[in-house]
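Peer 1: Structure provided below as structure tokens; questions to follow.
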Amino acid sequence: MTKTKRITITILALIGLALSIELCIVYYNANFALNAKPSICVINDMFDCDGVAKTSYSQFFGIPLSFWGIILYLFFLFMSYVDKIPFFKNIFKNPTSYIFVIGSISFVLSMILGSISIFKINSICIFCFMTYFLDLIIALTAKNWGNGVFYEIKTSFNDFIEAVKVPKYAIMLAIVLIVATSVLVYTSVSNILTPQIAKQKEMKKYSDTYESLANGNELGPKDADIVIHEYVDYNCQGCFIATLYSHRIIKEFENVKFVQHAIPLQKSCNPYMSFEGHENSCIKASYALAAKKQNKYWQMVDILFSENIKTEKEIIEAARLLDIDIKKLKQDSHGQEVKDEIKNNIEYANKNNIYGTPTFIFGVKKNIGIGSYPEYKQQIIDYGGREKQNNG
């Protein structure tokens, strides 16, 4: 490796290392530090490093991509000086070929991640894209232009095969593979570094449990004898408890169906409210109904009742964990159809003297508020609910 090439790759790798460390900090703050301020690369909805870091696409085998980036740039630095380390120089006889091949593979994978970021997540991490193109520049810098691409790949492969034929190198490789595999299995299973994946698995479990019983904002058998209409505000903790009760009732009863309706108790969209309160209830209701259009209503409800979800930005970031079209979700949440549905819910509630949440309508009977679960369950039984035979 020439001195100029070595210095150039070193400088580029150090820049990539610095960016990867910064992205690790961004990742940590976005996923673990609840009160952390937005990072410097959060500009708007399109350019949002924090938002991308909160998605399931920001990891691989349970390890943040930013940490993989640190490993990559340390590898580039190592390969730049491997010919000066006696123990390793016999393994990596052509370090520039290794750098070119690994850098090229990294760039191709980066372009796939970039496409996911643009078309799936609908947000771009500027620092991430900087590392993507840095990988390409490093690969091109290491390229021996007198040789073809396949020659570089073949050279790297042959060097590696020759090295592992030597017992001491083979043992070292085996130890590295065992340790690496153990770490990857642990991080993949435990999700200790990826809380967003843990949450997504929890949501999938929830989704799978009710998939056959959920239809828009309805939950329960389609031909249920008992239909209970439930009116909620997503800033109401009593409504959250009532929703949990409803899920439990569905598990325990065979002929009960719930239909949940959003009536935000916020003055900005509910003209019948005479006081300010329930901040962001309107936008939460909008996103619930927008998610209903993609049959993700109940998954969105689970998000909206979380104490950490308060703003539209936080709703969008949390929704990225769902298998949902984010662009359509945002458009529908501000669309006229959703606005009209909220207005109709509010008008119906006012006409029927529903001013508080949660409110349940059992036929002609109306219950406001929430008591204990046994009381709630007894009301269902009194109304004609049939418990499942294998229940309990």
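Laboratory data are not the source of any read-out in this text; all were calculated from the coordinates shown. Just so we're clear, the structure is a prediction, and the values are computed from it rather than from any experiment. Cβ coordinates were reconstructed from backbone atoms using ideal geometry, including for glycine residues, and neighbour counts include every protein chain displayed.
Peer 1: So if each residue of separation counts as 0.36 nm, and I subtract the Cα-Cα distance between TYR151 and ASN344, what length gain in nm does that give?
Peer 2: 62.6 nm
Peer 1: By how many degrees, between 0 and 90 and to the nearest 10, does the Cα long axis of helix 336-351 differ from the longest principal axis of the chain?
Peer 2: 30 degrees
Peer 1: Extending each Cα 7 Å along its Cβ direction at LYS267 and LYS365, get the distance between those two points in nm, one decimal.
Peer 2: In this crude label model, LYS267 to LYS365 measures out at 3.7 nm.
Peer 1: Please identify which residues in the stretch 2-31 have an amide N closer than 19 Å to a label point set 7 Å out from the Cα of ILE40, following the Cα→Cβ vector.
Peer 2: Zone members listed by number: 12-30.
Peer 1: Can you tell me the orientation of helix 3-31 relative to the chain, as the angle in degrees between its alpha-carbon axis and the longest Cα principal axis, to the nearest 10?
Peer 2: 20 degrees
Peer 1: To make sure I understand the rule: partners must be aspartates and glutamates, Cα under 15 Å from the Cα of LYS154, and not fewer than 8 residues away in the same chain. Which ones qualify?
Peer 2: Leaving aside aspartates and glutamates fewer than 8 places away in the same chain, those within reach of LYS154 are GLU162.
Peer 1: Let me ask you something else. Output the pairs from LYS222/LYS343; LYS37/LYS310; LYS296/LYS366; LYS222/LYS339; LYS3/LYS84 with a Cα-Cα distance over 24 Å in this structure; if there are none, say none.
Peer 2: Beyond 24 Å between Cα atoms: LYS222/LYS343; LYS296/LYS366; LYS222/LYS339.
Peer 1: Here's something else I'd like to know. Show the residues, 5+ positions off or on another chain, whose built amide H is closer than 5 Å to the amide H of ILE124.
Peer 2: PHE47, ASP48
Peer 1: Could you give the length gained on full extension between TYR57 and ILE7, defined as 0.36 nm per residue of separation minus the Cα-Cα distance, in nm?
Peer 2: Computed gain between TYR57 and ILE7 is 14.7 nm.
Peer 1: Still on this structure, I have one more. For the stretch 201-382, just say rounded, prolate or oblate: build the C-alpha gyration tensor, square-root its eigenvalues into a ≥ b ≥ c, call rounded for a/c under 1.5, and beyond that prolate if a/b exceeds b/c, oblate if not.
Peer 2: oblate
Peer 1: Tell me, what HN-Hα J-couplings in whole Hz come from the Karplus equation 6.51 cos²θ - 1.76 cosθ + 1.60 at θ = phi - 60° for each residue of the stretch 316-332, using x for Gly and Pro?
Peer 2: For the stretch 316-332, the Karplus-derived couplings read 4, 5, 5, 5, 5, 6, 8, 7, 9, 7, 5, 4, 5, 4, 5, 5, 5 Hz, x marking Gly and Pro.
Peer 1: Another question, if that's okay. Which of the trypsin sites (Lys or Arg not before Pro) found in the stretch 240-333 are in a DSSP loop and have at most 10 neighbouring Cβ atoms, other than their own, within 10 Å?
Peer 2: Within the stretch 240-333, no trypsin sites (Lys or Arg not before Pro) qualify (loop, at most 10 other Cβ atoms within 10 Å).
Peer 1: Expressed in nm to one decimal, what extension gain is obtained for the pair VAL227 and SER182 from 0.36 nm per residue of sequence separation less their Cα-Cα distance?
Peer 2: Full-extension gain reported as 11.1 nm.
Peer 1: Right, next: Within the stretch 79-98, which residues have the backbone N less than 18 Å from the label spot 7 Å out from ILE175 along Cα→beta-carbon, could you tell me?
Peer 2: Counting only backbone N, you get 86-92.
Peer 1: Another question, if that's okay. Mind telling me which of GLY356, GLY148, GLY51 comes out most flexible in a GNM of the chain, alpha-carbon contacts under 10 Å?
Peer 2: Judging by the Gaussian network model, the answer is GLY148.
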